[in-house]
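Single-structure report; data block below.
The values are calculated or read from the model by the stated rules, or taken from the named source; none is laboratory data. On a predicted model such as this, the values are computed, not experimentally measured, just so you know. For neighbour counting, all protein chains shown are included, and Cβ atoms are generated from backbone atoms with ideal geometry for every residue, glycine included.
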Amino acid sequence: MISRSLITKIFVICIVQITAVESFVLAQQATDSEVASKIDLSRHDFLYAGEAKVQDMYIVKDGKVVWEHKGPRVEEYLGEISDAVMMTNGNILFAHQYGITLINQKDETLWNYKAPANTEIHTAQPIGKKHIIYVQNGNPAKVNVMNIETNKIVHSFIVPVKNPDNTHGHFRHARLTKNGTYLLAHMDLGKVAEYDFDGNEVWSINAPGVWSAEPLKNGNVLLCGSDRWIREVNKNKEVVWDFKLDDHPQYKMTSPQIATRLDNGNTIINTWFSQWGDKLDLKNPPIQVIEVTPRKEVVWVLQSWEDPYLGPSTTIQVLGDKRISEHAHFGNIK
């Protein structure tokens with residue numbers, strides 16, 4: 001026969017467990033509510049693309065998709081979009097692993113370049129209307145400037161890598177600075193280096209796991225990568241601002257790739273979802289983009305996997321942001 005004291009203990013344990021479950025549910029509901037309150041597709045107008053099994057891109061305005069580029073639907077893998085830039089005339093330049101393409105918003109191809117055999121191209125930026133600068137992963141890896149009117153490389157230099165034969169792991173992102181130098185995230189070397197026109201390294205910082213490096217207006221550099229630690233560093237290599245994704249577990253962020261600084265001082269962080277290694281759970285989908293204030297407050301969340309479906313997130317360009325355009329120079333090339 002079960003004693004009265006044992007029954008009482010069992011009853012108390014059950015009450016404690018029920019209370020714990022209720023507390024967890026309430027906490028989860030509060031977390032879900034916090035995230036949901038930040039979701040607003042109309043906060044920014046933007047160009048959006050990501051590394052995916054198909055080469056799709058979208059322009060969102062006033063919370064609606066107003067333009068889309070759908071890559072070919074074929075069984076053959078054609079490469080992933082790692083970089084996309086909208087120019088001031090509305091044309092879009094994008095790097096897609098095995099080449100670079102320039103299109104207009106009628107979806108007409110204006111220019112296309114196929115990467116040489118055994119090389120990959122994941123990042124490209126326009127310089128004026130005639131030139132583009134890009135990084136060519138390969139053995140050897142190179143920084144090239146091409147005249148897209150003549151299809152001729154007008155400037156080139158070799159950059160170091162850790163493993164010359166591991167082409168896919170060399171580089172993903174690079175950007176010109178306001179001083180006409182080139183800031184390059186060495187993914188396999190775990191460092192960021194700044195190069196002058198002649199290919200001389202003029203500044204560098206160790207950054208294990210780095211995916212992207214963005215030059216800022218104040219001369220500092222914004223780093224982002226697999227360590228899930230977004231940080232702004234100055235030229236003395238001191239961290240002057242940072243944001244650690246793991247300090248904000250209520251936001252389901254997977255793999256950060258590119259962080260950019262908006263004109264309003266906020267930071268936008270793209271977090272990528274792998275279509276190759278992960279299964280998308282539409283009941284609890286990952287966040288694609290967050291916007292963070294200088295005080296580290298999350299003020300915007302992009303989580304759009306249905307109606308509209310935007311797909312994995314790698315790069316987002318807020319329209320009207322002057323951070324990226326063809327108004328750049330590299331040495332005397334403008």
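Values computed for the structure shown
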{"item": "Residue within the stretch 109-116 that is on the phi > 0 side of the Ramachandran plot and surrounded by fewer than 21 Cβ atoms within 10 Å (Cβ to Cβ) present", "result": "no"}
{"item": "ASP83 among the acidic types (Asp, Glu), loosely packed, with under 12 Cβ neighbours inside 10 Å and at pLDDT 95 or above", "result": "no"}
{"item": "Pick from the stretch 53-69, criterion among the acidic types (Asp, Glu) and part of a loop (DSSP other than H, G, I, E, B), ranking: nearest to GLY99 (Cα to Cα)", "result": "ASP56"}
{"item": "Hits in the stretch 154-181 - residues which are aliphatic (A, V, I, L, M) and either closer than 18 Å to VAL202 by Cβ or surrounded by fewer than 13 Cβ atoms within 10 Å (Cβ to Cβ) (or both)", "result": "VAL154, ILE158, VAL159, ALA174, LEU176"}
{"item": "Lone qualifier among ASP227, ASP196 - being charged (D, E, K, R), modelled with pLDDT under 95, surrounded by fewer than 20 Cβ atoms within 10 Å (Cβ to Cβ) and at negative phi", "result": "ASP227"}
{"item": "Qualifying residue in the stretch 88-95 (condition: of a type in the set (Ser, Thr, Tyr) and modelled with pLDDT of 95 or more)", "result": "no"}
{"item": "Verdict on ASN137 being among the polar types (S, T, N, Q), within 24 Å of ILE333 (Cα to Cα), in the same structural domain as GLU214 (by TED's automatic domain parsing) and over 20 Å from the mean Cα position of the chain (by Cα)", "result": "no"}
{"item": "Close pairs from the stretch 70-99: first outside the structural domain of GLN125 (by TED's automatic domain parsing) and part of a loop (DSSP other than H, G, I, E, B), partner modelled with pLDDT of 95 or more and surrounded by 18 or more Cβ atoms within 10 Å (Cβ to Cβ), Cβ under 8 Å, at least 6 apart", "result": "none"}
{"item": "Sole residue being assigned by TED's automatic domain parsing to the domain that holds LEU93 and not acidic (Asp, Glu), chosen from GLY331, GLY265", "result": "GLY265"}
{"item": "Single unsatisfied condition, ARG73 versus (1) more than 18 Å from GLN275 (Cβ to Cβ); (2) more than 20 Å from the chain's Cα centre (by Cα)", "result": "(1)"}
